[in-house]
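A short worksheet on the structure shown next.
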Amino acid sequence: MTDDKHSPDPLTSLYEGPAQMMKAFFGPVNALPGAGALTPAEMQHWTQVGTRLQTLWLEYTAEQAANPHNAMAFMDPSRWMALAESWYRQMPLADPDKQKAMWDEGLELWQSVLGSFGMGPMAGDGTMPRQDKRFADERWRAHPAFALIHQSYLMVCERMEEMVENMDHLPDAQREKLRFATKSVTEAFSPSNFPLTNPVVLERTIESRGENLIKGMEHLLADLRKGQLTHTDESQFALGESIAATPGKVVFETPLFQLIQYSPTTEEVFETPLVIFPPWINRFYILDLNPKKSFVRWAVEQGVTVFMVSWKSADASMKDVVWDDYVRAQFAAIDHIRERLDVPSVNTIGYCVSGTTLAASLSVLAERGEADKVNSATFFTAQVDFEEAGDLLNFVDDSQLATLETLTPEGYLDGRYMAATFNLLRGTDLIWNYVVNNYMLGEDYPAFDLLYWNGDTTNLPAKWHQSYLRDLYRDNRLVKPGDLSVDGTAIDLTRVQTPCYIQAGREDHIAPPRSVWRLTDHFRGPVRFVLAGSGHIAGVVNPPDANKYQYWLNDKNSRNFDEFVAGAEEHQGSWWPDWIAWLEEQSPKRVTAKGKRKPGGRGDDVIEDAPGRYVKSA
């Protein structure tokens, strides 16, 4: 019988055999390929490198000890270790028979890999049994030890995933959580993430004489100090100059949002203006990154009078803000625009969580007999039915919600927690890739506007966040007519008859397309559904001039998402031209761009230039 206290788990056992082989293959450090024999001068240099690394770390720890408030709760190792431990307890560790089968398979794998190098009884052609982009570099296959390490790792990952799928009597929701936990833990244990098991890092260390490790340590400590993983060179961007630079004015503000009106670039504009409600879990300028990528600038060039809501990042003064406040904020923006331009209605866009909120707002307006204030509604990757809401459902059980409450003593959730959560959804691409490149290889950060936006976090009101996760994600109450009330009015999405354009991203892991489709099950007005290539961001921000990706349309009356996909016609490029053609059908009349259509003109009392100060607040 196996002693569980002393029996190593598969991930621990994974490296034991190859590690022993590495000792035999490599011997001491001076036997590493390319290292050569170390002279006294070289030994002194490497000692200095080690001393410099130790000094950097000791300086950081002394700094934190002198000012404990610098050590933000976000970077508290015990908090994240507790999370990792809770995931590990869920891992489907194998019983003794399965462990033996895995060991036997491992031996066979080792013989196969060694055979590729002409060693052992199983001669091969040099092809590795398993492929993965993390190990695409030829150096992972250039030496038997590294080949064994990464191939053994991939084998164990496969078997652990199979264990999850083969567990009997497991509810679907729990199985999905285990899938996510297994994926997260195995990604973290990849041999590419450790310097001594990554041949690319070892070679870089030898070539640079350890300078990569010093530079990487500097990157790591900078991230620890700010409490967030860096993805890009932030010094290359300035709001209102190189990013979020479409000309406009802030024409209205409340304690919750600023309303930006962008300056027209055409002599005539559509009579019905457009107001965009971006998600308040991010900054609005995802839709105004730079002139070539800006949806805002492009829409203005098509003759649309564009307004943008810029939400305020939460602070302690917003501790009592709830969903009702965001619905009322949408009403306030709509009414201000109608009054400012003297128009009966507006076109609207709701992105992600603001799209969910827009759906609730439309229901309330319909219930109050004010549906005609909104001429049309467009939804970017928005959900109302959360039954199939994807990976974020793994974060809404009672224990996790209780943990979130402990993180908000001042009434708001630090945006860095949300950033970490979204990074975990794509751990290899958004966490470990940067750990390898910037911490271990010591590479400089690229200048990438999308990654700058991704790191520009916003804080969330704690009361809203808790109720949103409980009522919508966990309990799925929004699609139950009358089960939720907002601003004193019961919500019934089936009362919404506003013409709607619904966009989903085919590869969206935050708002899966199948989940987004369900808006069509609840609205009763005319709906146009478009499935865009790519995901939650690139599927939306896809300007026509880029000539990237594709989108799918199906003009038939599809009864479900699978039927839509089966009969959909693929179109190359951006879906934006399809959207503007649809918008023109809803409101074709044009007027001269004069008066308050040009914000900041004579007699127009505006607040400040776009992008405003709310987007710049911490």
Just need the relative contact order of the chain here, percent rounded to a whole number, with Cα pairs under 8 Å and 6+ apart.
16
Going toward the positive end of the dipole of region 271-326, with +1 on Lys and Arg Cβ and -1 on Asp and Glu Cβ, which of THR272, LEU287, SER317 do you reach last?
LEU287
For the cross-link pairs LYS249/LYS589; LYS177/LYS293; LYS226/LYS616, which exceed 28 Å when the distance is taken from alpha carbon to alpha carbon?
LYS177/LYS293
Relative to the chain, whose Cα atoms define the longest principal axis, helix 211-226 and its Cα axis are tilted in degrees, nearest 10, by 40
Rounding to the nearest 20 debye, state how big the charge dipole of region 554-618 is about its Cα centre with +1 on each Lys and Arg Cβ and -1 on each Asp and Glu Cβ.
680
What are the lysines whose alpha-carbon lies under 17 Å from the alpha-carbon of LYS183, with same-chain residues fewer than 8 places away excluded?
LYS133
Select from TYR434, PHE529, GLY595 the residue farthest towards the positive end of the dipole of the chain; place +1 on Cβ of Lys and Arg, -1 on Cβ of Asp and Glu, and compute about the Cα centre.
GLY595
Subtracting the Cα-Cα distance from 0.36 nm times the residue separation, let me have the gained length for THR230 to ARG602 in nm, one decimal.
129.5 nm
Cα gyration tensor category, rounded, prolate or oblate, for region 263-306 with a/c compared to 1.5
oblate
Roughly what would the spin-label model give for ALA238 and ARG209, points 7 Å off Cα along C-beta, in nm?
3.8
Region 318-399 shape via C-alpha gyration tensor axes, a/c threshold 1.5
prolate
If I take R0 = 45 Å and measure r between the Cβ atoms of ALA62 and ARG139 in this structure, what FRET efficiency does the formula 1/(1 + (r/R0)^6) give, to the nearest 0.05?
0.75
Cβ-Cβ FRET estimate between ASN557 and GLU218, R0 fixed at 56 Å, reported to 0.05
0.40
In whole Hz, what ³J(HN,Hα) sequence does region 595-609 give by Karplus (6.51, -1.76, 1.60; θ = phi - 60°), x for Gly and Pro?
x, 6, 5, 10, x, x, x, 4, x, 9, 7, 9, 8, 6, 6
Hand me the trypsin sites (Lys or Arg not before Pro) from region 493-591 located in a DSSP loop with no more than 13 other Cβ atoms within 10 Å, in residue order please.
ARG524, LYS556, ARG559, LYS589
Relative contact order of region 349-431, defined on C-alpha pairs under 8 angstrom at six or more residues apart (%)
26
In whole Hz, what ³J(HN,Hα) sequence does region 576-588 give by Karplus (6.51, -1.76, 1.60; θ = phi - 60°), x for Gly and Pro?
4, x, 5, 5, 5, 5, 5, 5, 5, 5, 6, 8, x
Please identify every one of the chymotrypsin sites (Phe, Trp or Tyr not before Pro) in region 424-462 that sits in a loop by DSSP and has no more than 16 other beta carbons within 10 Å of its own beta carbon.
PHE448
Report the calculated FRET efficiency for ASP444 and ASP172 (r = Cβ-Cβ distance, R0 = 41 Å), to the nearest 0.05.
0.40
Among SER354, ASN554, LEU202, which residue has its Cα furthest toward the positive end of the charge dipole of the chain, with +1 on Lys/Arg Cβ and -1 on Asp/Glu Cβ?
SER354
So how strong a dipole does region 234-382 carry about its Cα centre when Lys and Arg Cβ are +1 and Asp and Glu Cβ are -1, to the nearest 20 debye?
320
Give me the one-decimal nm value for the distance between modelled label points at LEU196 and GLU165, 7 Å along each residue's Cα-to-Cβ direction.
3.5
What does the charge dipole of the chain about its Cα centre add up to, to the nearest 20 debye, if the Cβ of each Lys and Arg holds +1 and the Cβ of each Asp and Glu holds -1?
1020
Give the shape of the chain as rounded, prolate or oblate, defined through the alpha-carbon gyration tensor: a ≥ b ≥ c are the square roots of its eigenvalues, a/c under 1.5 means rounded, and otherwise the shape is prolate if a/b is larger than b/c and oblate if not.
prolate
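Bear in mind these aren't lab numbers, they're just calculated from the coordinates by the rules spelled out. Since this is a predicted model, take the numbers as computed values, not measurements. A quick note on method: Cβ atoms are made from the backbone with ideal geometry, for glycine too, and the neighbour counts reach across all protein chains shown.
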